[in-house]
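Every number in this text was worked out from the coordinates using simple rules, so none of it is lab data. Note that the structure is a prediction, hence the values are computed from the model and not measured. Neighbour counts run over all protein chains shown; Cβ positions are idealised from the backbone, glycine included.
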């Protein structure tokens, strides 16, 4: 099965944006995530019309379109667990905890 | 038009703001839910689009499709402008399914706005509403991104209208007001007697004078209408043309010529005193001259009015069909006083009739405190006057009022008629008098009138024995006088007859007396002659005797 793409939109490489990119990289080391998704970082300064298209009001924002439902996570993604929950991915750790 | 102001698209508001919203800087439009913020901002955008400029609207609570729908419905050609690319709609509705994890900033707002403004070369920007944008993002403090946005607006000199809810009046908003914007307009709605009235007030405007009162405004299918007090300056043009009331004797009560065109007239009277017929007669007269007229009725429906007036010889159907006459019927309680007056003003503005009848204006008077009502009526009458339309108001006097007007607007009208019904001899008689009429030689007389098949008819006044007598008493009086005269005439004839009888008697007696005199005289004359003859014979005999003795 082809992997879906999760896009991280940033507006310039601000400290918050850089933190978000770092956190995304860490996320990719999680097998639960990396087996399903590929990631892409887009700087809105390069493509301002994408901000309009995606109706982005705050950055950084991580947008997962497929599989449905669409998920959007705003912020520097510093809480990995919450990011995964937000993307409907449940790690073994969280399953055990619950 | 002021160079550093941009028209708001609303005539009244332009007057209050002395030109429009301040150009090249942000204006904040504050108001609770339902006060019309969106309509104001759409009107602003529309005004610019009409002039060929571009406008960017960032919508934060309604979908772009709905906004375009509103514009279409208000006659602002939203879809058309959208298709031509002049109107750019930014969907800033917060996505509530978003999860927030960690820190973030709101720089995309500025990115998207600046991108859209620069691409479309827009003259104006509307953000509706900032409140929802911030709340949707869970922002409760003033964010530096928002202040940056305002700085950017100033730097790029984009005339901007930002709307914001006034319901949550906490710190971030007052900071916005004090720091970020150049002009703050507050919209509110009040509930008086269970009727809602909308008000607009300008809180601040940097570097410019502005109207400072609370102005009532109305929101209807045509958008926003305002009644600014500034339009009540006493500068209406002088009008010398006189118009007939349609009742010659009333015209002569007004110095022989009727009322001045564009005057405001009031007809006061109790229930059933003939106010409607009176006003309609004047209306009919204007219609007969081929001019336009509007009749606003708060009591009768169009059909009832037509039928009732037909019965007194005033036929309106033809004028209604030709569009020369417009009848606007509605119950007073349908909407607030301001809404009523603004609706009527809009009608007058669209139709520019020569005469406007409000029947009865007193129906509007219960709709607020008397001071407020008077204030609004001053504005209203001034507006109508500026439009050059003759205003005819009827005032229903309560039965307990002893015929005194409790409407404090009599000083505002130019001509004031009073209709009365006077009870005497078991009947009610109708009287009319002119209380005042500016610029006319006013009759001081009270006249009696009747209402018949052909409308209002003024009777000859009966003034006898030092008092005015009306109704059947008048007729009785006239009858009595006629009888009196008849009797006198009869008596005269009798005396004349007696005189001629006397004359005849005298003449006949004279004849008899003459005849008697004549016969008596001839008898006496005969006796004289006889005696003279006898005396002669005696003397002859004595002479003959003496001769014989000798």
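Computed on the Cα atoms alone, the convex hull of the range B:242-461 gives a volume of 119 cubic angstrom per residue. Here chain B carries DSSP beta bridges of which approximately 45% are antiparallel, counting only pairs with both residues inside.
Springs join every pair of Cα atoms under 10 Å in this Gaussian network model of chain A, and among A:30, A:18, A:47 the largest mean-square fluctuation is at A:47. Legend: mean number of C-beta atoms from other chains within 10 angstrom of residue C-beta atoms, peptide A:4-13, equals 1. With neighbours defined as other Cβ atoms within 10 Å of a residue's Cβ, the residues B:183, B:25 order from fewest to most as B:25, B:183.
Counting every other Cβ atom within 10 Å of each residue's Cβ, B:414, B:91, B:359, A:46 order from fewest to most as A:46, B:91, B:414, B:359. Per residue of the protein assembly as shown, the DSSP helices (runs of n ≥ 4 H) give a summed -39500 (n - 2.57) that works out to -12500 deg cm²/dmol at 222 nm. In chain B, the longest principal axis of the Cα atoms and the axis of helix B:107-120 are about 60 degrees apart. Short to long, the 5 Å bins of the Cα pair-distance histogram for the range B:255-370 hold 2, 10, 21, 24, 22, 14, 5, 1, 0 percent of all pairs. When you count the other C-beta atoms within 10 angstrom of each residue and take the mean per peptide, B:158-164, B:33-39 line up highest first as B:158-164, B:33-39. Histogrammed with a bin width of 10 Å, the alpha carbon distances of the protein assembly as shown distribute as 3, 12, 16, 14, 11, 9, 8, 6, 5, 3, 2, 2, 2, 2, 1, 1, 1, 1, 1, 0, 0, 0, 0 percent, first bin at zero. Taking all Cα pairs closer than 8 Å and separated by 6 or more residues, the relative contact order of the range B:5-227 comes to 30 percent. Radius of gyration (Cα atoms) of chain A, expressed as a multiple of 2.2 N^0.38 Å: 1.06. When each of B:523, B:291 is scored by the number of other beta-carbon atoms lying within 10 Å, the sequence from fewest to most is B:523, B:291. Rounded to the nearest 10 degrees, the angle from helix B:64-73 to the longest Cα principal axis of chain B is 10 degrees. What does DSSP give for the range B:242-461 in terms of the percent of beta bridges that are antiparallel, rounded to the nearest 5? Antiparallel bridges make up about 45 percent of those DSSP assigns within the range B:242-461.
Compute the angle between helix B:275-288 and the longest alpha-carbon principal axis of chain B, please, reported from 0 to 90 degrees and rounded to the nearest 10. The helix B:275-288 is inclined about 80 degrees to chain B. Under a no-solvent Debye model with one identical scatterer per Cα of chain B, what's log10 I(q)/I(0) at q = 0.12 Å⁻¹? Log10 of I(q)/I(0), two decimals: -1.11. Take each residue of peptide B:89-101, count the partner chain Cβ atoms within 10 Å of its Cβ, and average: the result is 6. Within the protein assembly as shown, DSSP assigns beta bridges of which about 45% are antiparallel (rounded to the nearest 5). Solvent-free Debye calculation, one equal scatterer per alpha-carbon of the range B:5-227: log10 I(q)/I(0) at 0.08 Å⁻¹ equals -0.26. Summary of the geometry: the range B:1-53 and the range B:490-550, compared by the centres of their Cα atoms, lie 130 Å apart. Other protein chain C-beta atoms within 10 Å of residue C-beta, averaged over A:60-66: 2. Note: relative contact order over the range B:242-461, using C-alpha pairs below 8 Å and six or more positions apart, is 29 percent.
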